[in-house]
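Here's the structure we're looking at; comments come further down.
The values are calculated or read from the model by the stated rules, or taken from the named source; none is laboratory data. All values derive from a computational prediction rather than experimental measurement. FYI the Cβ positions are ideal-geometry reconstructions off the backbone, even for glycines, and counts take in every protein chain you see.
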Amino acid sequence: MGKKTVYTENKLHSNCLLFSVPQSPNKNTQGLCDKKGLSGVISVLILITLVVVAIGIIWTVINQMIKGNLEQAGTCSDIFDKIKLNKVYTCWQNQSDGTYNDMTQVSINVENIEVEKFGVSIMSKGNSKGFELIDGQSAIFIKNSGAGTNFGNPLELPGKNAGKTYIVDTSLPFFSFTDVPESVKLSAFIDGQDCGVVDIASEIGKCAAGIIVS
């Protein structure tokens, strides 16, 4: 007699064919089905692991951003209205004939708060130049006001409940101004945090008589 072909139908294993197929009595199709099922489970577990790892990385980044913003908000929340430009003494100096003499006064008042450094931005005809005021450091275009002070001397920042006026020489190439300054922006840094712009003198003009400092 010829060899009889055996047909089986697999109804128990989802990874096996669901219709009848020829089967050799000696072939272990059960093992093949088990391997396919195990491979599918491993793939699902790997995918779940990758998703969990990705969520963990994203949450770490977001958490650090939130903590940084909260720290900055806590440091800077109480400074506004405590750091101001003195609008009277923030002006441009003029010569005897009333023309601009390239010297701009920037005057800062500070209440009961300690400032690490200031950022100053002066604008003229759309051209803006910024620089920092740091205690003990110097620049050739700025000086403390007062007798005996010179450009390039170490700067002094205003302490708590005090004010300081600075003279800025905008004739130097660093500024490249072709006209009088129009506005001044003041920013503040406290405990390593940039608190952004704290005050603006939007329309500065010629210094009034009696308030020009040297």
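Some values worked out for this structure:
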| item | result |
| --- | --- |
| Qualifying residues in the range 166-200 (those that are under 25 Å from GLU116 (Cβ atoms) and among the small types (Gly, Ala, Ser)) - the one surrounded by the fewest Cβ atoms within 10 Å (Cβ to Cβ) | GLY192 |
| First in the range 196-214 and closer than 26 Å to ASN153 by Cβ and at pLDDT 85 or above, second anywhere and acidic (Asp, Glu) and in a loop (DSSP other than H, G, I, E, B), Cβ under 8 Å, 6 or more apart | ILE204/GLU182 |
| Identity of the residue in the range 129-166, aromatic (Phe, Trp, Tyr) and assigned to a loop (DSSP other than H, G, I, E, B), that ends up farthest from VAL180 (Cα to Cα) | PHE151 |
| Residue that is in the same structural domain as SER176 (by TED's automatic domain parsing), assigned to a loop (DSSP other than H, G, I, E, B) and not aliphatic (A, V, I, L, M), where the choices are SER96, SER107 | SER96 |
| Whichever residue in the range 180-205 is in a loop (DSSP other than H, G, I, E, B) and in contact with a Phe, Trp or Tyr (Cβ under 8 Å, 6 or more places away or on another chain) and, among such residues, is farthest from GLU132 (Cα to Cα) | GLY205 |
| Failed condition for ALA208, given (1) outside the structural domain of THR104 (by TED's automatic domain parsing); (2) among the aliphatic types (A, V, I, L, M); (3) assigned to a strand (DSSP E or B) | (3) |
| Among (1) surrounded by fewer than 16 Cβ atoms within 10 Å (Cβ to Cβ); (2) under 16 Å from TYR89 (Cα atoms); (3) in contact with a Gly (Cβ under 7 Å, 6 or more places away or on another chain); (4) hydroxyl-bearing (Ser, Thr, Tyr), the one test that SER138 misses | (2) |
